[in-house]
1. Scan region 129-154 residue by residue and report those that are β-branched (Val, Ile, Thr), within 15 Å of residue 20 (Cβ to Cβ) and either surrounded by 12 or more Cβ atoms within 10 Å (Cβ to Cβ) or touching a Pro at 6+ places or on another chain (Cβ under 6 Å) (or both).
2. Would you point out the residue of region 68-91, among those that are open to solvent by 40 Å² or more (accessible area, probe 1.4 Å) and polar (S, T, N, Q), that is farthest from residue 151 (Cα to Cα)?
3. Might you check whether a residue that is over 21 Å from residue 14 (Cβ atoms), small (Gly, Ala, Ser), open to solvent by less than 30 Å² (accessible area, probe 1.4 Å) and in a loop (DSSP other than H, G, I, E, B) occurs anywhere in region 114-128?
4. Let me confirm something: among 105, 97, 34, 52, which residue is modelled with pLDDT under 85 and open to solvent by 50 Å² or more (accessible area, probe 1.4 Å)?
5. From the list 65, 4, pick out the single residue that is surrounded by 16 or more Cβ atoms within 10 Å (Cβ to Cβ) and modelled with pLDDT of 70 or more.
6. Taking the condition among the hydrophobic types (A, V, I, L, M, F, W, C), over 22 Å from residue 15 (Cβ atoms) and touching a residue at least 40 places away in the same chain (Cβ under 8 Å), does residue 92 pass?
7. Would you pick out the residues in region 88-112 that are closer than 21 Å to residue 69 by Cα and among the β-branched types (Val, Ile, Thr)?
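The values are calculated or read from the model by the stated rules, or taken from the named source; none is laboratory data. Fair warning: this is a prediction, and the values are worked out from it, not measured in the lab. Cβ coordinates were reconstructed from backbone atoms using ideal geometry, including for glycine residues, and neighbour counts include every protein chain displayed. Please note that ligands, DNA and RNA were not included when accessible areas were found on the heavy atoms of the full protein model with its side chains. Shrake-Rupley method; radii C 1.70, N 1.55, O 1.52, S 1.80 Å.
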Amino acid sequence: MATNASLLPIIPRVFFLYLEPVAITYGMILNYATRLPMIELSSTSNSLPIQTLFMPAMADGYLFNMMLYGLIILLSSPPNKRLVQLHILILIIADFTHWAGLFATIAENDPRGWAAVLDTDRWSPEVWNLATYPIQTLSIKIATLAGLFGKIQG
């Protein structure tokens, strides 16, 4: 049975079915296992402090569910070119919300506020990875929609 994934050219198909899910899974494990300080949302100003691993665990659960949902769309839905294009568009939006969340978290956790976002000299390697990895994935997604890897069939 043909699926939505079969509509994609080979490079985007490998990316969406294997590379991006592996990268998301790696990010979830890294997020939870290392408890990056920028993700630790314990606050002394709240009367009910949030446990350090609670928010990363919730974020990981959400990412895992969205990743599974995306794979189900690609692997279980009958071929539909429009659905594949909309799926990729949603993933593009997710890259922008990733940056918005990252930069807002930096600004909220640094006394300098939004100036800290622009002070890239002080970014840790983890922050650099979180900020630059979506550039690569965004490029692949836009190139796929633009047909640079080949036409989406259907």
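1. Matches in region 129-154: 137, 140, 142, 144.
2. 76
3. The answer is no; no qualifying residue exists.
4. Of 105, 97, 34, 52, the one residue that is modelled with pLDDT under 85 and open to solvent by 50 Å² or more (accessible area, probe 1.4 Å) is 34.
5. The match here is 4.
6. When the stated conditions are applied, residue 92 does not pass them.
7. Of everything in region 88-112, those that are closer than 21 Å to residue 69 by Cα and among the β-branched types (Val, Ile, Thr) turn out to be 88, 90, 92, 93, 97.
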